Amino acid sequence: MVELLIAMVILVIVAGSALMLASTFSRHFVQSSELSTARQRGIMAVTYLENRILQGALGMPGSGSAETDFRTAFNELLTGPSSADLSGFIQAVNVVGDNELLLAYSMPSGLFTVTSNDCNAYEAVTVTLSGTPDPTKISDSFETHNFANSTEGWVTFPSFGRAFSVESILGSDLTLEPRLDGYLSENSEMYYVRFLRAYVSNETFYAEDVTRQSPQPVVKGIIDCQFSWDFDEGLLTVAILARGDRRNGSMVSPETLAGWDGNIADDARHYYLSVVRRGWRVRN
């Protein structure tokens, strides 16, 4: 009988230890999985921005004299019927508050000039490209957009460093109007102009291609975002606060996390959270 009791006690101890080990393993597995999900969401949002930030201000003027000022260069676009949507674009990179990014960037077309051209400010010039532009990415601004009322009606050439409005398109021949005197050399790649608005709403990261389409949800499960723009250094910093899928009954995340400025709301702390922080130097 004694031996049986001893065996039962040992069995209970072993079973209890096994249950504790299993519980601990399960808890750590859930935590690891939730943190991984949160981090992946943050990385997705940052990657979406990175692909555009690296092309930020490319072939565009900054904020300075009347000759090189950003708003002067895009005057018709920023004062036309779409101007209400573009009022925050003072320069190529703009941070509204600390949680909204307005970015003007250039998207490569893969098309190059086959001849060189002397360009005079506000005088039309015909530029021949190595192929026909994608009609879903560019349009005749004068005829279809009431003179440069959409970002689709603008292009840049980084080698020229300034914007052109698109006056007409005929195959691979584009009639463009520059905003500055200069020389457009042969083999200069053309870039499409795009204006981006990025922010978080209802735990979803949104991006809007301003003047082209309404805001589109990019990544869900994003609690908030923080942007910081150092104009003198040309440094843009982004921090994304993302969560896992499972809401816990108690708070499982701390009030502060490395890389995030300020305290985190109690409701968000019921999720496992991750901060993804990146910084880039904008070319212009």
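Bear in mind that the values in this text are calculations on the coordinates, not laboratory data. Computed from a predicted structure; not experimentally measured. Note: ideal-geometry Cβ built from the backbone for every residue, glycine included; neighbour counts use all protein chains shown.
Observations, loosely collected:
- Normalised size of region 139-284, defined as Cα radius of gyration per 2.2 N^0.38 Å with N residues, equals 1.46.
- Amide H contacts of VAL252 (H built 1.01 Å from N, under 5 Å, at least 5 apart or other chain): HIS270, TYR271
- Proximal charge balance of SER274 [Cβ under 12 Å; K/R count +1, D/E count -1]: +3
- Gyration tensor over alpha-carbon atoms, region 89-142, equivalent ellipsoid semi-axes in Å: 30, 16, 11
- Pairwise Cα distances in region 70-195 exceed 26 Å for 17 percent of all pairs.
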